[in-house]
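Structure, as structure tokens:
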Amino acid sequence: MSIPEGNVFNNMRIVELAGELGGYTGKLFADLGAEVIRIESIEGDPTRLEKPFYGEIAGIENSLRYQYLNTNKKGIVLDITSPEGKEVFIKLIKTADLLIESLPPGQLESLGLGYETLSVINPKLVHTAITPYGQYGPYKNLPFSDLTCAAMGGMLFLAGTENEKPALVPDKQSFFQADLYAAYGSMIALIHAEMTLEGQYIDVSLQESVATAQENAIQTYDLEGRIRRGLGLVEAGNGTYQCQDGYVYIVAAMGSNVHLWYPLVDWMIEEKIPGAEVLRGEEWGKSEHRKKPESMETFKTIFEQFSGMYSKQDLYQESQKRKVVIYPVNTAKDVLENPQLNYRKYFKERYSESVKGTITYPGCPYELEKIPWVLRSGAPAFGQHTNEVLTSLGYSTEDLQSFVKRGVSYVK
Amino acid sequence: MSSKRPLEGIRVCDFSWVGAGPSTTRLLAEFGADVIRLESKSRLDLLRLIGPYKDGIAGIERSGYFSNRNPNKRSIDINMKSPQARDLVVKLIQESDIVINNFTMGVMEKWNLGYEDVKAIKPDIIYVTMPTQGSTGPHKNYMGFGITMNALVGIHYLTGYPDKIPFGMGTNYPDHVPNPVHTAFAIAAALLHRKTSGEGQFIDVSQTEAALAVLPTSVMNYAANGKVQDRMGNRNLNVAPHGVYATQGDRRWIAIAVFNQSEWEALLNVMGNPEWANSEKFSSMDNRLDNQDELDQMIEEWTLKHKAYQLMDQLAQAGVRAGVLQNSKDLLEDPNLNERGFWAYLNHKEMRRHVYNVSPAHLSKTPVELYSPAPLLGEHTDEVLKEVLGLSEAEISKLREENVIG
């Protein structure tokens with residue numbers, strides 16, 4: 001497989017210390033053509049043990065999340081706490097543009113591999129560290145998970161109304177958010193390094209990354225002294241309603257904007273829905289009126305008589321013709337069958353030797369005209385590229401055998 | 001001397017509005033890009049009309065929803081319906097590095113400002129379009145919002161409790177992080193490419209596709225195993241307990257997640273080793289996963305007797321993963337966020353001192369700096385026309401008389 005010529009990512013080498021965090025950061029670079037060398041500890045990336053598994057069979061190569069996060073990467077196994085492992089790591093750092101890591105604050109320093117040391121070895125290095133609460137601050141050592149970071153960053157509190165207990169969004173969004181900011185910050189630092197030959201250190205906090213997704217909640221407290229919770233089902237015309245075969249999410253009400261409200265009401269009048277004319281009244285253009293419990297009940301009764309006659313996909317497509325916003329609440333099956341995504345060939349399929357089967361992946365988040373997103377290879381098997389990478393650094397077969405024997409490395 | 005603002009000298013001709021677009025250009029402005037928003041009194045950014053408002057009083061210069069998405073930017077008031085507006089835009093594009101919009105497809109083309117038109121004006125331009133569903137395909141003209149994207153890609157269906165209608169995340173989440181940060185990453189990649197090759201390029205972001213890129217496992221699971229995943233509250237397929245539990249106080253909850261046997265033992269110690277926990281039903285991870293209804297109920301009976309923050313401290317000291325479900329007030333008062341300087345207070349002409357967040361990516365040598373609050377609509381019209389486009393006072397007055405600018 002060849003990478004098109006002239007791609008700036010083509011000449012980029014990235015070292016990623018594998019952990020639960022940073023995997024998506026590395027993937028964004030790898031999918032655009034960068035060489036990403038992922039160093040796993042002897043214990044392996046904990047993501048390998050996560051359900052759901054391919055074929056529903058537990059196994060260190062079968063985790064779908066692991067498979068997704070590590071496309072197009074090389075994987076080596078190395079104990080960087082051992083003297084030999086440190087030496088290999090330092091050789092790699094000399095050739096790297098970017099280091100992505102998520103060790104607890106201070107751990108790399110305690111190994112003698114902190115940024116102070118690495119930046120002497122490679123002054124142009126961008127060192128990106130992703131941690132739950134950042135490198136400094138009173139919470140820096142708090143034990144964490146996606147759930148606790150979603151809580152401490154404020155995202156969970158918003159996922160409910162009134163006194164209702166909120167629910168967690170799937171797929172570890174707090175990790176994705178931090179990994180995304182880490183990737184963007186790293187790109188900016190790489191631009192700076194390209195111009196000035198000066199590398200730098202980047203401290204990314206999950207808690208802060210999550211707190212950027214507060215919508216207007218922070219300003220609602222700062223400017224109006226109110227603590228808000230979630231949107232949806234707090235105002236007539238915004239939220240989840242039942243239809244013939246499931247649910248739809250509608251946005252007809254939006255502050256004092258009424259351009260989405262009247263086309264929906266007129267549609268319901270056209271369909272002779274009992275009571276729909278009421279919703280033409282001027283008071284419905286105001287948020288205060290729509291937020292009254294009786295208004296919400298009135299709207300729901302009227303709207304669900306209408307939506308109950310149609311499927312979610314029919315409502316979706318017809319609403320767009322009428323400049324009305326009704327979206328289907330899709331299941332995974334619906335998403336894979338979505339005609340737009342299929343037209344654009346969004347999902348990518350590739351045979352994986354690791355799982356002995358074809359994996360379907362979400363595809364590119366963006367299309368760059370000159371930097372193609374290509375699925376060149378699946379996630380590396382445990383130790384798949386140890387031999388290749390260490391050989392390229394000048395280690396002999398005997399060295400490798402000795403590393404493996406002493407538990408410093410693993411070769412598949 | 002190197003510039004301390006890595007994007008200094010990069011100019012963005014910003015047609016974007018509402019959520020995902022302005023959030024993207026905010027990320028560029030934070031690092032020093034000169035982002036010039038093209039606004040119009042006759043077609044207001046919807047966010048200027050959505051609260052919260054300073055002191056609760058509505059006004060197009062009073063929205064905190066708008067302000068936090070637009071620090072460090074300039075605003076010009078230009079009436080795109082006027083035939084002469086395009087000439088001004090052409091001049092601005094000639095002085096720009098990036099042109100961005102998040103309109104539905106066809107709007108830029110109607111003004112003859114599609115990619116091919118713009119490339120003819122400025123050959124090395126980076127042209128970014130971010131319609132909800134991409135620039136090709138049967139749904140390319142569809143309109144939608146972040147929160148409806150949640151529904152379309154499956155986030156909404158999966159967020160909530162299995163026995164209730166799906167509630168979702170309660171926000172326009174894709175607008176806040178997945179779409180802007182993916183797009184900004186792509187733009188930065190294109191800037192690096194231009195530095196080394198001199199070439200500009202076209203960037204097409206389908207907001208749906210960028211959101212789906214961070215929701216991989218449910219679609220992969222269906223494709224691989226034919227399984228339609230359902231929502232499961234705060235639970236996890238792999239470990240238990242993994243939940244949100246009520247504590248003392250109104251709307252006060254704590255999140256607790258136990259990933260292995262030693263963390264379970266640690267939790268039991270903090271709970272004072274209650275008798276119920278001795279049951280075989282909770283003796284291993286598999287057994288706990290099988291008996292979660294009862295497990296969660298027993299834990300909540302205990303958490304209800306405690307204060308959330310005190311409990312978090314005790315659990316953290318014992319090595320148990322725990323976190324308070326912080327609300328907006330808690331976040332503004334959070335000692336960790338404050339010590340790290342995550343909140344910045346800027347002085348806005350009409351709103352006065354009010355809060356913004358800074359970037360969660362802290363670059364040691366080129367840190368983000370918020371140096372100006374969100375612009376008033378048209379605050380920089382004259383400044384930009386004079387300094388960037390080189391127009392004279394007389395020319396500006398004439399354009400204003402002819403309603404080309406406000």
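Projecting the Cα atoms of A:M12, A:S402, B:G249 onto the charge dipole of the protein assembly as shown, computed from C-beta unit charges around the Cα centre, puts A:M12 farthest toward the positive end. Converting phi to 3J(HN,Hα) with the Karplus coefficients 6.51, -1.76 and 1.60 and the offset θ = phi - 60°, segment B:303-319 yields 4, 4, 8, 10, 8, 4, 5, 4, 5, 4, 4, 4, 5, 4, 4, 7, x Hz in sequence order, with x at every glycine or proline.
Under a Cβ-only charge scheme (Lys and Arg +1, Asp and Glu -1), can you give me the dipole magnitude of the protein assembly as shown about the Cα centre, in debye to the nearest 20?
780
Once R0 is set to 41 Å, what does the formula 1/(1 + (r/R0)^6) return for the Cβ-Cβ distance between A:D245 and A:K412, expressed as a FRET efficiency to the nearest 0.05? Efficiency, from the Cβ-Cβ distance: 0.30. A straight Cα-to-Cα reach below 13 Å connects B:K81 with the aspartates and glutamates B:E39, B:E402, residues fewer than 8 places away in its own chain not being considered. Springs join every pair of Cα atoms under 10 Å in this Gaussian network model of chain B, and among B:P52, B:P216, B:P22 the largest mean-square fluctuation is at B:P216. Label sites at A:Q107 and A:T196, each approximated as a point 7 angstrom past Cα along Cα to Cβ, lie 3.0 nm apart.
Listed from fewest to most Cβ neighbours within 10 Å, the set B:T381, A:T301 follows the order A:T301, B:T381. Between rounded, prolate and oblate, where does segment B:242-332 land on the alpha carbon gyration tensor, with a ≥ b ≥ c its root eigenvalues, rounded for a/c under 1.5, else prolate if a/b exceeds b/c? Taking the square roots of the gyration eigenvalues as a ≥ b ≥ c, segment B:242-332 is prolate. As I understand it, the value is the acute angle between the Cα axis of helix A:83-94 and the longest principal axis of the Cα atoms of chain A; what does it come to in degrees, rounded to 10? The answer is roughly 70 degrees. Among the listed pairs A:K291/B:K54; A:K370/B:K4; A:K27/A:K321; A:K345/B:K329; B:K349/B:K386, a Cα-Cα separation exceeding 32 Å is found for A:K27/A:K321; A:K345/B:K329.
B:W111 to B:Q297: FRET efficiency via 1/(1 + (r/R0)^6), r the Cβ-Cβ distance, R0 51 Å, to the nearest 0.05?
About 0.25, to the nearest 0.05.
Per-residue 3J(HN,Hα) values for segment B:115-130, derived from phi via the Karplus relation 6.51 cos²θ - 1.76 cosθ + 1.60 with θ = phi - 60°, read 4, 5, 4, 5, 5, 5, 6, 9, x, 9, 5, 9, 10, 10, 10, 9 Hz in sequence order (x marks Gly and Pro). By the beta-carbon count within 10 Å of each Cβ, the least crowded to most crowded order of A:H127, A:H289, fewest first, is A:H289, A:H127.
Whole-Hz Karplus values for segment A:313-322 come out as 6, 5, 4, 4, 6, 5, 4, 5, 5, 9 Hz, taken residue by residue from phi with 6.51 cos²θ - 1.76 cosθ + 1.60 and θ = phi - 60°; glycine and proline positions read x.
Name the trypsin sites (Lys or Arg not before Pro) in segment B:316-375 that are in a loop by DSSP and that have at most 14 other C-beta atoms within 10 Å, would you?
Details: sites: B:R321, B:K329, B:R340, B:K349, B:R352, B:R353, B:K365; in loops: B:R340, B:K349, B:K365.
Listed in order of number, the matching sites are B:K349.
Averaged over its residues, how many other protein chain Cβ atoms are within 10 Å of peptide A:9-16's Cβ atoms? Don't skip to the answer; put the middle values down first.
Values: counts 3, 0, 1, 1, 0, 0, 0, 0.
The per-residue average across the peptide is 1.
From most to least packed by mean Cβ count within 10 Å, the peptides B:255-261, A:171-177 give A:171-177, B:255-261.
Ordering A:Y136, B:Y65, B:Y173 by the number of other Cβ atoms within 10 Å of each residue's own Cβ, fewest first, gives A:Y136, B:Y65, B:Y173.
Summarising the amide proton neighbourhood of A:S63: residues at separation of 5 or more, or on other chains, whose placed amide H is nearer than 5 Å comprise A:Y54.
FRET efficiency for the pair B:I121 and B:S279, taken as 1/(1 + (r/R0)^6) with r the Cβ-Cβ distance and R0 = 56 Å, rounds to 0.15. Note on chain B: dipole from Cβ charges, positive end direction compared against B:V205, B:M312, B:T25; the farthest Cα belongs to B:T25.
With the charge dipole of segment A:238-334 set up from +1 on Lys and Arg Cβ and -1 on Asp and Glu Cβ about the Cα centre, the Cα lying farthest toward the positive end among the listed residues A:T240, A:G255, A:W267 is that of A:G255. Computed extension length for A:V258-A:T397: 42.9 nm, one decimal, from 0.36 nm per residue of separation with the Cα-Cα distance subtracted.
If each residue of separation counts as 0.36 nm, what is the full-extension length gain between A:I90 and A:T301 once their alpha-carbon separation is subtracted? Show your work: numbers first, answer last.
Numbers: separation 211, 0.36 × 211 = 75.96 nm, distance 6.67 nm.
Gain on extension, A:I90 to A:T301, equals 69.3 nm.
Relative to the longest principal axis of the Cα atoms of chain A, the long axis of helix A:293-307 makes an angle of roughly 80 degrees. Take each residue in B:238-247, count the other chain C-beta atoms within 10 Å of its C-beta, and the mean is 3.
Between the Cα long axis of helix A:173-196 and the first principal axis of chain A there is an angle of about 60°, rounded to the nearest 10. For A:G378, the residues 5 or more places off, or on other chains, whose built amide H falls under 5 Å of its own are A:N72.
Would you mind calculating the relative contact order of segment A:238-334 from Cα pairs under 8 angstrom and at least 6 residues apart, reporting the percent as a whole number? Provide the component values of the computation, followed by the final result.
On the way: 127 pairs, mean separation 38.0, N = 97.
That works out to 39 percent.
Extending 7 Å from the Cα toward the beta-carbon at both B:E395 and B:E339 defines two label points whose distance is 5.5 nm. Around the amide H of B:R321, modelled in the peptide plane, lie the amide H atoms of B:A257, all under 5 Å away and 5 or more residues distant in sequence or on another chain.
Only the coordinates and a few stated rules stand behind these numbers; no lab work does. For clarity, every value in this text was computed on a predicted model and none was experimentally measured. FYI the Cβ positions are ideal-geometry reconstructions off the backbone, even for glycines, and counts take in every protein chain you see.
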